[in-house]
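Reading through the structure tokens given below for one structure.
The values are calculated or read from the model by the stated rules, or taken from the named source; none is laboratory data. Worth saying up front: this structure is predicted, and the values here are computed from it rather than measured. All Cβ positions, glycine included, derive from the backbone under ideal geometry; neighbour counts span all protein chains shown. Please note that ligands, DNA and RNA were not included when accessible areas were found on the heavy atoms of the full protein model with its side chains. Shrake-Rupley method; radii C 1.70, N 1.55, O 1.52, S 1.80 Å.
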Amino acid sequence: MEKKHLIEEINKLKDKRKAIILAHLYQVDEVQEIADYSGDSLELSKKAAETEAQIIVFCGVKFMAETAKILSPAKTVLLPALDAGCPMAEMVEREDVIKLKENNPHAAVVCYVNSSAEVKAVSDYCCTSANAIRLVKNIPEEEIIFIPDRNLGSYVAKHVPEKKMILWDGFCNTHHRIMEQDIEKIKELNLDVPILVHPECKPEVLAKADFVGSTSQILKYARESLSQNLVVGTEMGILYRLKKENPDKNIYLLSPKLVCSNMKKTRLEDIYNVLDTLENQIEVDAEVRRKALLALNRMLDFC
Ligand code: 13P
Ligand code: SF4
């Protein structure tokens, strides 16, 4: 089908099904373009929880669609690319968390939303990169088991030194591709360009950046920045929104290696197909959902 026609058909089906299309900021441009709402994982979780639409087409990776289902169990959540996973989310399993809890009985488990529903179900709190520091600072527990991202965990630990942080060894293989030298090379040019990075980057990268934030926090920084030029160190999909919101600024990607192949799996054809067939429904076991919801709600109460 020709692209223009495909978009018309998607919109027709969306109206017929009373569906909403949510897209993460790392999705390909044309998917962000047709989405009703695009945002970071925290914003999308909130949107999924409050929408009145009966069907949510979640253009992102599996843990995000699962989160939407946990928050809105009565709704149908469709993941257009069923094989779009997050390698970091798969680096920790339920059994790992149970063992960590046994070894650290006084610690609370704070689980990055990039995790499976089963892992959330054995965690005390969820967080995203947008609220991790605030959450860890404000919860009463002094000892925190932080899973699965060791980089976000050590970034939080640096900002909340009063708490004891026990970190898991997970990481995002996309953000890990950024090297300290990538930043040094730009700094050596003395261009006075702010470099903005996501907290999933390595600590030595975060230490050299001018701003560290979640995707929505990077967008906010860019909108408010007086600088004409900006360098961004997160997945390249963010450039779509950054350029749209800042047409007069020059925005550069820190490294061409910043591509998450899983985020790039969703195509317009996949969105059309799930709206047409209602296939690729995300289901979460009722007991897992009940427990995971407690951890997610504790996070949502904080923001
Ligand atoms: P955000 O929480 O900033 O949306 O990031 C999600 C993610 O997958 C980062 O790699
Ligand atoms: Fe997972 Fe990294 Fe891709 Fe985000 S960018 S979905 S953390 S692999």
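When all alpha-carbon pairs of the chain are counted, what percent fall beyond 31 Å? Considering the chain, 29 percent of its Cα-Cα pairs are separated by more than 31 Å. The Cβ shell under 14 Å around Lys265 holds other residues with a net charge of -2, Lys and Arg each +1, Asp and Glu each -1.
Residues in the chain average 44 Å² of solvent-accessible surface per residue, probe 1.4 Å, ligands and nucleic acids excluded. Expressed as a whole percent, the proportion of Cα-Cα pairs in the range 73-160 lying more than 19 Å apart is 42%. When the chymotrypsin sites (Phe, Trp or Tyr not before Pro) in the range 241-303 are filtered for DSSP coil states and for at most 16 other beta-carbon atoms within 10 Å of their beta-carbon, no site remains. Here is the list for the range 23-96: GluC sites (Glu not before Pro) lying in DSSP coil, each with at most 16 other C-beta atoms within 10 angstrom of its C-beta, are Glu52, Glu93. Taking the Kirkwood radius as Rh and the Cα radius of gyration as Rg, the range 231-303 has a ratio of Rg/Rh equal to 1.12. Strictly greater than 24 Å: what percent of every Cα pair in the range 139-237 meets that? Value for the range 139-237: 27 percent of Cα pairs lie more than 24 Å apart.
What the pair-distance distribution of the range 57-124 shows, using all Cα-Cα distances binned every 10 Å from zero, is 21, 46, 26, 8, 0 percent. Solvent-accessible surface of protein heavy atoms, probed at 1.4 angstrom with all chains present, puts Asp210, Asp182 in the order Asp210, Asp182, largest first.
With θ taken as phi - 60° and the Karplus curve 6.51 cos²θ - 1.76 cosθ + 1.60 applied, the whole-hertz 3J(HN,Hα) list for the range 256-273 is x, 7, 7, 10, 9, 5, 5, 5, 8, 6, 6, 10, 4, 4, 5, 5, 4, 4 Hz, x standing for glycine and proline. Dividing the Cα radius of gyration of the range 26-181 by its Kirkwood radius returns 0.98 for Rg/Rh. Taking the helices alone, the chain has a mean residue ellipticity at 222 nm of -12500 deg cm²/dmol, built from -39,500 (n - 2.57) per DSSP H run of at least 4 residues and averaged over all its residues. Every pair of different Cα atoms in the range 1-116 enters the Kirkwood calculation, which places the hydrodynamic radius at 15.6 Å.
Within straight-line reach of Lys14, meaning a Cα separation under 15 Å, sit the following aspartates and glutamates at least 8 residues removed in sequence or on another chain: Glu33, Asp36, Glu52, Glu269, Asp270, Asp276, Glu279. Lys and Arg at +1, Asp and Glu at -1: add these up for the other residues within a Cβ distance under 14 Å of Arg177 and post the number. Around Arg177, the surrounding residues sum to -3. Exposed loop trypsin sites (Lys or Arg not before Pro) only (DSSP loop, at most 14 other Cβ atoms within 10 Å): please give the longest stretch of the chain free of them, not including the sites. No qualifying site falls inside 19-256, the longest such stretch. Averaging the sequence gap over all C-alpha pairs within less than 8 Å and six or more residues apart, then dividing by the number of residues, gives the chain a relative contact order of 23 percent.
List the lysines whose Cα lies under 25 Å from the Cα of Lys257, skipping any in the same chain that are fewer than 8 positions away. The reachable lysines, counting only those whose Cα sits under 25 Å from Lys257, are Lys62, Lys185, Lys187, Lys202, Lys208, Lys220, Lys243, Lys244, Lys249, Lys265. How would you classify the range 50-92 from its alpha-carbon gyration tensor, with a ≥ b ≥ c the square roots of the eigenvalues: rounded for a/c under 1.5, else prolate if a/b is greater than b/c, otherwise oblate? Prolate, since a/c reaches 1.5 and a/b exceeds b/c. In a reduced charge model with +1 at each Lys and Arg Cβ and -1 at each Asp and Glu Cβ, the range 175-259 shows a dipole moment near 280 debye about its Cα centre.
Between the C-alpha center of the range 259-303 and that of the range 1-80 there is a gap of 9 Å.
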